[in-house]
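These notes concern the structure reproduced below.
The values are calculated or read from the model by the stated rules, or taken from the named source; none is laboratory data. Predicted, not measured: the structure shown is a model, and the values here were computed from it. Using ideal geometry, Cβ is built from the backbone for each residue, glycine included, and neighbour counts are taken over all protein chains shown. With ligands, DNA and RNA removed, areas are computed over all heavy atoms of the protein, side chains included. Shrake-Rupley method; radii C 1.70, N 1.55, O 1.52, S 1.80 Å.
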Amino acid sequence: MRWWDIGPVLELEHELFPDDAWSAGMFWSELAHARGPQSTRRYVVAEDPATGGLVGYAGLAASGDLADVQTIAVARDQWGTGLGARLLTELLRAATAFECAEVLLEVRVDNTRAQKLYERFGFEPIGFRRGYYQPGNVDALVMRLTDPAQARTERTEHTESSESNG
């Protein structure tokens, strides 16, 4: 993801997450940590090959040997195409490059589609964060993946990526 992706990312963010969308400042802050030798973030975008329009994005933060999936978003018309799996694969590659032994994430308890994706990659539920998503006071399911390099290799070795990595 580059600075010029923030506008289209915000449009998709507000469409998919109208109640708890990230602000432009939040994305700018994340991108500030995604460059240079001390980078701790990896953000990717996916574009529709036919139109060039942004159809998904994802981000990961790393600290020591732990990574955290910050966000994954896929345009509704792309649901069921495997794009979410390709974006998650890119994040797991980044976690491996950051030499992370574990990857954590939070997912809304009512988002079973995303939960099933994470389970296919080997993420396991480890707890809840009550009222994590505000407003709305929706709980988050916390999931963990150990050994992201192995999970990526076993479950996604045949996927192709259409992401535009920046």
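The table below lists the values:
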{"item": "Per DSSP, loop GluC sites (Glu not before Pro) in the stretch 89-141 with at most 15 further Cβ within 10 Å", "result": "99"}
{"item": "Relative packing of peptides 108-117, 60-69, 18-27 - highest average C-beta neighbours within 10 Å first", "result": "60-69, 108-117, 18-27"}
{"item": "HN-Hα J in Hz across the stretch 30-47 - Karplus 6.51, -1.76, 1.60, θ = phi - 60°, x for Gly and Pro", "result": "5, 5, 4, 9, 9, 10, x, x, 9, 4, 10, 10, 9, 10, 10, 10, 10, 10"}
{"item": "Additional length obtainable on full extension of the chain from residue 32 to residue 137, 0.36 nm per residue less Cα span", "result": "34.8 nm"}
{"item": "Near-label residues of the stretch 66-94 by backbone N, under 15 Å of a point 7 Å along Cα→Cβ of residue 39", "result": "90-94"}
{"item": "Quarter of Cα convex hull surface for the stretch 1-47, i.e. mean projection, nm²", "result": "3.4"}
{"item": "Cα extents of the stretch 70-133 along the three principal axes, largest first (Å)", "result": "31, 31, 18"}
{"item": "Rounded to whole Hz, the Karplus (6.51, -1.76, 1.60) HN-Hα couplings of the stretch 130-138, x for glycine and proline", "result": "5, x, 5, 8, 10, x, x, 6, 8"}
{"item": "Å² of accessible area per residue within the stretch 42-107, as computed with a 1.4 Å probe and no ligands counted", "result": "37"}
{"item": "Compactness index (Cα Rg / 2.2 N^0.38 Å), the chain", "result": "0.97"}
{"item": "Relative contact order (percent, whole number), the chain, Cα cutoff 8 Å, 6+ residue spacing", "result": "22"}
